[in-house]
Each structure stands twice: as C-alpha cells, then as structure tokens.
Amino acid sequence: MNSTLCNEHWWSEGLYFSCLGCGRCCRGEPGCVWITEDEIKKIAEFFSLKEREFLSKYTYRIDERVTLREKRNGECVFYDSESNRCTIYKVRPLQCRLFPFWPSLMACKENWEREKLRCPGIGEGEYHSAQKIEKLLAHAPYEDL
C-alpha cells in the first residue's frame, strides 16, 4: 500500500458523493450489515413483528453483534432486485446510511478509489466538507465498517 495515500486526513479538501440508487452497495460480495438494538426495534416495528421474530427471520449473530442475513446470491435480505431498491429504506441501519463514509473506506485514499469502481455515486454530486465527513465518521458504530 502506498503510504503517501494513507494519512489521517487525505480527504481534508472534502469529497463528492451522491447516492444514485443503483443498489450496488446492497449486493455483490458478501459482508455484514451490523445492526444495533435500536435498529432491531425500529425494523421489527416497521414489519409489525416482535423483535424475537424479526431476529429469527432476518438476522444472525457473529460473536456479540447482530448482522442482517444475505440471500444466496449475496444480496441483502431487504434488497428488492426487481425495483433495485431497499425495502426498509426509511428505517435502514446506520451502517447503510453512512455509506460510503465508513472508517475502512476513509482510512486510505486507495480504499476510497477502489470503492469508486463499484459505486458510481462516489466522486459525483453533493459536496461533503471535511467537517461533515468527520461527523459522519464519529457516528460509525464500529471501526471495522
């Protein structure tokens, strides 16, 4: 990894990003969408399910954390491939709302550039100042996002 690209504030001039609604972040390579207790409550309520039923049907545990299930093809369980939309968009987890401003992607410019190959909204649209990015990163529930 090129150390000149990896510094704490490589994004100090701000970055551009706007979600284009392509759904690429909801499908593709396997991964974990970590959800908190509050998010479990909100999503269960959204489906009019008891928390236990929601957890059983849509999640699994890894160590002490809860993640959303994926379909066999790697899509998020809540991704609708016909409409290319998230079926729980209004109550989607914080991890989803923060994308692409995850600690792992912001650690190195190289990581951001690699994700840009997958996400057409990176480098486009809305300007995000360094201060706004700092605030978003401060809300990340886990460092390994």
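The values are calculated or read from the model by the stated rules, or taken from the named source; none is laboratory data. No experiment lies behind these values; they were computed from the predicted model shown. Cβ placement follows ideal geometry from the backbone for every residue including glycine, while neighbour counts extend to all protein chains displayed.
Annotations
- Pair list, Cβ under 7 Å, 6 or more apart: segment 40-55 residue within 11 Å of Ile88 (Cβ to Cβ), other residue among the charged types (D, E, K, R): Ala44/Lys50; Ala44/Glu51
- Residue count for segment 56-65, restricted to those that are in contact (Cβ under 8 Å) with a residue 24 or more places away in the chain and of a type in the set (D, E, K, R): 1
- Yes/no for Leu55 being farther than 27 Å from Cys6 by Cβ, surrounded by 12 or more Cβ atoms within 10 Å (Cβ to Cβ) and in contact with a Pro (Cβ under 8 Å, 6 or more places away or on another chain): no
- Qualifying residue in segment 89-105 (condition: without any contact (Cβ under 8 Å) to a residue 40 or more places away in the chain, over 19 Å from Tyr142 (Cα atoms) and of a type outside the set (D, E, K, R)): yes
- Qualifying positions in segment 135-145 - surrounded by 14 or more Cβ atoms within 10 Å (Cβ to Cβ) and not in a loop (DSSP other than H, G, I, E, B): Leu136, Leu137
- Beta carbons closer than 9 Å, at least 6 apart along the sequence or on distinct chains, pair a first residue in segment 24-38 that is touching a residue at least 60 places away in the same chain (Cβ under 8 Å) and of a type in the set (Gly, Ala, Ser) with a second that is loosely packed, with under 14 Cβ neighbours inside 10 Å and in a loop (DSSP other than H, G, I, E, B) for Gly28/Gly74; Gly28/Arg118.
- Within the span defined as segment 14-31, every residue fails to be touching a Ser or Thr at 6+ places or on another chain (Cβ under 7 Å), assigned to a strand (DSSP E or B) and of a type outside the set (A, V, I, L, M).
- Residue ID - modelled with the highest pLDDT, chosen from residues in segment 1-31 that are charged (D, E, K, R) and over 27 Å from Arg61 (Cβ atoms): Glu13
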